[in-house]
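Undergrad: What follows is a single structure, and I will ask about it in a moment.
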């Protein structure tokens, strides 16, 4: 089934550890996004990539990095996790010229 | 500062009645607006959208209204069904900023039998 695959679905992590959330899409969408969802705050954009080889910062980029080596993959890395990064992370993608984003099922991260 | 605001965290409606979810925005340059629906433990799914050149868009039981002068949009669901119970997010985008979506905080809709 075409769509977005996120891994892991859930993870508990000790503070200070490095963590990479994986996101893969098979729809050949040019643009990809990472959002975090926190209770009472909605969905906030962390980083985005309009095409392979380019990335940009969103509303809450601090403590996160991304790379876009190819069209399909857009990993999100927490270099040194902190408890405030406990959240549900959603990856999304969008084809060129369209306004609608397609979301993955999310990765729930708990930093202790 | 949040540019898309959903001021009602929750809404409860009886089955068969109309559900009206509201959304306000502050950036007059937004040119596309979307509603997403989210069930627990799932990603948001696209529901309906509207371009800034229109004031209404209808898709089955769902209608979105846009009032640009008031910077306000609303989602009407009629008739409401128990399966509509979910969190609804309003989102807005700027075509010349890469289409990244700015989301509201969401409204949790409960449709009771």
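Laboratory data are not the source of any read-out in this text; all were calculated from the coordinates shown. Quick caveat, the model's predicted, so the values are computed rather than measured. Neighbour counts are summed over all protein chains in view; Cβ atoms, including those assigned to glycine, are modelled from backbone coordinates with ideal geometry.
Undergrad: Return, ordered by residue number, the residues of the range B:24-38 whose backbone nitrogen is under 17 Å from a label point located 7 Å along Cα→Cβ of residue A:27.
TA: Correct set: B:33-38.
Undergrad: Any idea what the relative contact order of chain B is, in percent, if you count C-alpha pairs under 8 Å spaced at least 6 apart? Intermediate values should be presented prior to the final figure.
TA: Working: 276 pairs, mean separation 41.7, N = 113.
Answer for chain B is 37 percent.
Undergrad: Enter the Cα centre distance for the pair the range A:70-92 and the range A:1-59, rounded to the nearest angstrom.
TA: The distance from the Cα centre of the range A:70-92 to that of the range A:1-59 comes to 5 Å.
Undergrad: Any idea what % of Cα-Cα pairs in the range B:69-113 are farther than 12 Å?
TA: Working: 700 of 990 pairs.
So the portion of pairs separated by more than 12 Å is 71 percent.
Undergrad: List residues of the range B:19-41, by number, whose backbone nitrogen lies under 14 Å from a label position 7 Å along Cα→C-beta of residue A:41.
TA: Counting backbone N atoms under 14 Å from the label point, the list is empty.
Undergrad: Right, another one. Based solely on C-alpha atoms, express the radius of gyration and the Dmax of the protein assembly as shown in angstrom.
TA: When restricted to the Cα atoms of the protein assembly as shown, Rg and Dmax are 17.5, 51 Å.
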